[in-house]
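One structure is given below, encoded as structure tokens.
The values are calculated or read from the model by the stated rules, or taken from the named source; none is laboratory data. All values reported here derive from a predicted model rather than from experimental measurement. Virtual Cβ from ideal backbone geometry, glycine too; neighbours counted across all protein chains shown.
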Amino acid sequence: MAQSSRTERMGRVRSKRRRNSTVIGVVAALLVLVVAGIAFFAVRAALEDRRRKELAELREASATIDASDVPTSTVPVEVPLLVGMQISEAELLVKAAGLTLIKVPTPPGEAVAGIVLEQTPVAGVRITVGTPIELIYADPAAVAAATSGALSSDAPASGLVVCIDPGHQAIANTGTEPVGPGASETKAKVTGGASGVVTGQAENALALTLSMKVKERLERYGVTVVMTRTTGAVDISNAQRAQVANEAGADVFLRVHADANTNADITGVSTLYPSGNDWVVPIEAESLKAAKLVQDAMVASTGANDRGVVPRADLAGFNWCTVPAVLVETGFLSNPVDDKQLANPEYQDNLADGIARGVLQYLGVSE
Ligand SMILES: [Zn+2]
């Protein structure tokens, strides 16, 4: 009896202890949940706070610009990261920054409807207000547009013609031609072009790759693109290339090249335009206008060193031209960094985006 009641008592104590430890366990688990919850909301609040600050900074940047007498295009704004956002949200952010937006719908594939898939310029690049940001976003309705829109007669750039000349050719022609109509001074018909100091890539092949990418982008807007060549296996002089543009009645003649210098440290992009002789007087002003737009857009889309626009009086490809003409130097094949970037398909896409955007701006084509 005494033995059994002691056992009972011990049993009660044990079960009380068990109950106590269960209660402690539950309380501990709740505490962990509460702490985790607090941490989650704290992190989320911090992220939202950061986002609000970024937005406020962008607003402030655009407000500062509005308030000042400085031309708006001279105050650079950092491009925010927009990829991964919903297009509606990205639109608000871009507008808040006082920037212009070009929306390009694309069939969504596996992507979530409305999500921003690609942005040009990329995040972090500083651009001037007025330089548009292009966002490619997933749109289930874009399937029909992609198949019929580009070819329809109401495409935004329908009726506009761009002649693209990928610089050089696989085998140079060192025969000579007059540097301009009626000139006694002559120049090589077409030189061999540069080659990559690291990659060994040939300028004529790179120029063709870039040109085809620009062509594709312009055609999305309904622009008619006339190519001076679509292979390296041609023999067309620079004067003849200009005449292709003239005969096409091109609204602009776009020549695509890469640069080279004996100083391997020199890097960056420039855009040449005809200036400084009687032949190019009729096209100089329009060419300069196009050159500035193309140069700015190319710098914005790549973040490359800006070497500006450069007047040239000595190029047969300009002097024989009767339509506005520009020549993009897309980077230095003599510089190891530029050379490697120029061989990178993603970088080529960024370059092509910028060049095409500049051309479209010059043509007055908007979204
Ligand atoms: Zn060249």
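Out of Gly303, Gly358, Gly331, which single residue is among the small types (Gly, Ala, Ser), closer than 21 Å to Ile127 by Cβ, surrounded by fewer than 20 Cβ atoms within 10 Å (Cβ to Cβ) and at pLDDT 95 or above? Within the list Gly303, Gly358, Gly331, the selection yields Gly303. If only residues of segment 97-114 that are surrounded by fewer than 17 Cβ atoms within 10 Å (Cβ to Cβ) and farther than 21 Å from Pro156 by Cβ are counted, the one that is modelled with the highest pLDDT is Ala113.
Residue count for segment 320-334 under the criterion of being closer than 16 Å to Val299 by Cβ and away from the ligand (no atom under 14 Å from the Cβ): the result is 0.
For segment 259-301, filtered to residues that are of a type in the set (Asp, Glu) and out of contact with any Ser or Thr (no Cβ under 8 Å at 6 or more places or on another chain), the residue that is farthest from the ligand (Cβ to nearest atom) is Asp278. Restricted to segment 156-177, and to residues there that are among the aliphatic types (A, V, I, L, M) and either more than 16 Å from the ligand (Cβ to nearest atom) or touching an Asp or Glu at 6+ places or on another chain (Cβ under 8 Å) (or both), the residue that is nearest to Val359 (Cα to Cα) is Val162. Here the condition is being within 16 Å of the chain's Cα centre (by Cα) and either within 16 Å of the ligand (Cβ to nearest atom) or not assigned by TED's automatic domain parsing to the domain that holds Ile136 (or both); of Leu218, Leu208, it holds for Leu218 alone. Only one of the numbered conditions (1) closer than 22 Å to Leu360 by Cα; (2) within 16 Å of the ligand (Cβ to nearest atom) is not met by Asp314, and that is (1). Of all residues in segment 327-352, those satisfying the criterion of being out of contact with any Ser or Thr (no Cβ under 7 Å at 6 or more places or on another chain) and part of a loop (DSSP other than H, G, I, E, B) are Ser334, Asn344.
Might you let me know whether segment 269-281 holds any residue that is surrounded by fewer than 16 Cβ atoms within 10 Å (Cβ to Cβ), in contact (Cβ under 8 Å) with a residue 60 or more places away in the chain and more than 18 Å from Tyr362 (Cβ to Cβ)? No, that holds for no residue. The condition (being among the aliphatic types (A, V, I, L, M), in contact (Cβ under 8 Å) with a residue 60 or more places away in the chain, crowded, with 20+ Cβ neighbours inside 10 Å and within 16 Å of the ligand (Cβ to nearest atom)) is satisfied by just one residue among Val190, Val197, Val234, Val256: Val256. Kindly check whether there is at least one residue in segment 171-188 that is under 24 Å from the mean Cα position of the chain (by Cα) and not in a loop (DSSP other than H, G, I, E, B). No: segment 171-188 contains no residue that is under 24 Å from the mean Cα position of the chain (by Cα) and not in a loop (DSSP other than H, G, I, E, B).
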